[in-house]
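Asker: Please find one structure pasted underneath; my questions will follow.
Every number here is computed from the coordinates shown, using simple stated rules; none is lab data. All values reported here derive from a predicted model rather than from experimental measurement. As a convention, Cβ positions derive from the backbone with ideal geometry for all residues, glycine included, and neighbour counts pool all protein chains shown.
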Amino acid sequence: MSENENTSTEKIIEGEAFAQEDSTQDAKTAEPIVEEVSNESDDSSDMSSGDRANLEEEINKLKVENTSLKDSWARERAEFQNFKRRTATEYLNVKREALRSFVNKILTPLDNLERVGQGVSLTEELKPFVDGVQMIRNEFLNILEKENIFKVAPKGEPFDPMWMEAIAAEESDEYTEEVVIEVYQAGYEFVENNERFTLRPARVRVGRPKS
């Protein structure tokens, strides 16, 4: 065997010995790690079993508190919604009463303007005066209509007690239902969007079918 071959063989033997030694060292090093991890796992298992009852109790308490908070929130929300509805209703009632009170104060002079020229023979001297009064009355009505306040003079219409007040009535075969045959005093109502309510009911005479 040549000198070079001897040298190569020695190197191979040395390499195998080193690899075997390194593998043995890794195995020795790994053993404590495996043992350490195993010990940690055992400790974790011991903690879970020891604290499981307390943990479940805390979870149950939190569930109860969560349910209680949800119920409380639902009650508070319902109470707030009821408060909003009550407030809106009260505001609407106050608004209606204030408007009704104001309009009824100005309707008296308007009624007087309506009566000018009624039941009298108009002479040439009176006609310009009556025409002037009627112009003022019409301007008055236009102002009210711009504020969504409309006159109700339901002659010939079916009688509706929601919007009218029957002052007198008569029965006749010519009527098949209750109908307004004369308006003693015009009514007024407020109409805006879907809101409609009576400021003053029309005072009327009603025709009724014979009983």
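Asker: Rounded, prolate or oblate: which fits region 86-211, taking a ≥ b ≥ c as square roots of the Cα gyration tensor eigenvalues, rounded meaning a/c under 1.5, else prolate when a/b beats b/c?
Answerer: Oblate, since a/c reaches 1.5 and b/c is not below a/b.
Asker: Another one. What spacing in nm lies between the two simple spin-label points modelled at Val130 and Ala78, each 7 Å away from Cα in the Cβ direction?
Answerer: The two pseudo-label positions are separated by 6.6 nm.
Asker: In a shell of Cβ-Cβ distance under 15 Å around Pro109, excluding Pro109 itself, what net charge do Lys and Arg (+1) and Asp and Glu (-1) give?
Answerer: Around Pro109, the charge tally is +2.
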